[in-house]
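S.K.: Here it is, the structure, as structure tokens.
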Amino acid sequence: MLRSQPRLFARRPSPTTVEYLVSTSPTYNLPLRLLLVTTFIFRVLVGLGVLVLLCSKFARKNYSSEATTYPQTPDLLNIDYVWYFLHIIATSKAGTQSAKLASHIPATALLPASLLIFYIILLRTHTTEALLVIRGLGIQTSTSSDTFLSTATTRFIPTEKIQDIFVNEAFRGFEVRYYLVVVVEGEEDVVVVFPRLLPRRHIVEKVWRGARACLYEPDWGKEGKSG
């Protein structure tokens, strides 16, 4: 429900520019928005729970003597505030229960499991890939990252380096998939557009026609913008 089949979105900011977005993001209605909010809250709670468990394990082993008593709250920008925060967590009710649980889990198992949980809760729910075509300059491809901690992967190819743009086909398992490729001068391998999603044939062909028209047809776009 949080993902859909790859869908195409096109926009033309100017007569010489067109951007094609292929995304697995579904249509946002009220039930889906509520589900997304619930999922976000669940992720935050799970992340906080893991942090409390790690802090309890840290305090239980007494890795630092600072996590003992604090007569007053340290300054927020001071490093002592970190130890104060750990002390507050360790002495709270949740910290006490977490300490009991953490005492039965070896650190060699807790740390990898915590990293795996953090990775899972930071995963994006959908994938977005884009092709930006600018006449006279070139094209730019981009693919969204797997997690919220990293940025999208982008590449710009100047017009003078583009030898051809065409639709190719290949077998993926027992299925024939069509994909858009760009032949770049001086490179042995072609550049695959939308490499992760590999959308359906009608999407690939529509992007192919629009990209070639924007790059090589002078009269393209003079009739006005289209959605």
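Derivation of every value follows stated rules applied to the coordinates shown; laboratory data play no part. Values in this document were obtained by computation on a predicted structure and should not be read as measured data. Ideal geometry is used to build each Cβ from the backbone, glycine not excepted, and the neighbour counts take in all protein chains shown.
S.K.: If neighbour count is taken as other Cβ atoms inside 10 Å, put His202, His87 in order from fewest to most.
M.R.: If I rank by nearby Cβ atoms, fewest first, I get His202, His87.
S.K.: Describe numerically, in nm with one decimal, the distance between label points set 7 Å from Cα along Cα→Cβ at Asn78 and at Val176.
M.R.: It works out to 7.2 nm between the two label points.
S.K.: Given the DSSP H assignment, sum -39500 (n - 2.57) over each helix run of at least 4 residues in the chain and divide by its residue total; what's the result at 222 nm in deg cm²/dmol, nearest 500?
M.R.: Calculated at 222 nm, the ellipticity per residue is -12500 deg cm²/dmol.
S.K.: By counting other Cβ atoms within 10 Å of each Cβ, how are Ile134, Ile79 ranked from fewest to most?
M.R.: Ile79, Ile134
S.K.: Please list the helices of the chain that count as membrane-span-like by this rule: a mean Kyte-Doolittle hydropathy of at least 1.0 together with Cα atoms stretching 18 Å or more along the helix axis, each helix being a complete DSSP H run.
M.R.: Those that clear 18 Å and a mean of 1.0 are 30-61, 107-121.
S.K.: Same structure, new question: Hey, can you grab everything whose amide H is under 5 Å from the amide H of Ile105? Only 5+ residues off in sequence or another chain; H modelled, so Pro and N-termini drop out.
M.R.: none
S.K.: At what distance in angstrom do the alpha carbon centres of region 130-199 and region 1-28 lie from each other?
M.R.: For region 130-199 versus region 1-28, the Cα centre distance is 15 Å.
S.K.: Sort Cys214, Cys55 so that the residue with the fewest other Cβ atoms within 10 Å of its own Cβ comes first and the one with the most comes last.
M.R.: Placing the least packed residue first, the sequence is Cys214, Cys55.
S.K.: Pop the C-beta distance of Thr147 and Glu205 into the FRET formula with R0 = 35 Å and round what comes out to the nearest 0.05.
M.R.: 0.65
S.K.: Now for a separate question. Give a residue-ordered list of calculated ³J(HN,Hα) values for region 168-175 (Karplus: 6.51 cos²θ - 1.76 cosθ + 1.60, θ = phi - 60°; whole Hz; x for Gly, Pro).
M.R.: Ordered by residue, 3J(HN,Hα) equals 10, 9, 7, 8, 10, x, 9, 10 Hz.
S.K.: FRET efficiency for Leu115 and Ser14, Cβ-Cβ distance as r, R0 = 45 Å, nearest 0.05?
M.R.: Step by step, r from the Cβ atoms, then E = 0.50.
S.K.: Okay, moving on. Using R₀ = 30 Å, calculate the FRET efficiency as 1/(1 + (r/R₀)^6) where r is the Cβ-Cβ separation of Val192 and Val44; round to 0.05.
M.R.: Rounded to the nearest 0.05, the efficiency is 0.25.
S.K.: How big is the equivalent ellipsoid of the chain along its three axes, where each semi-axis is √(5λ) from the Cα gyration tensor, reported in whole Å from largest to smallest?
M.R.: Taking √(5λ) for each eigenvalue gives 51, 19, 18 Å, largest first.
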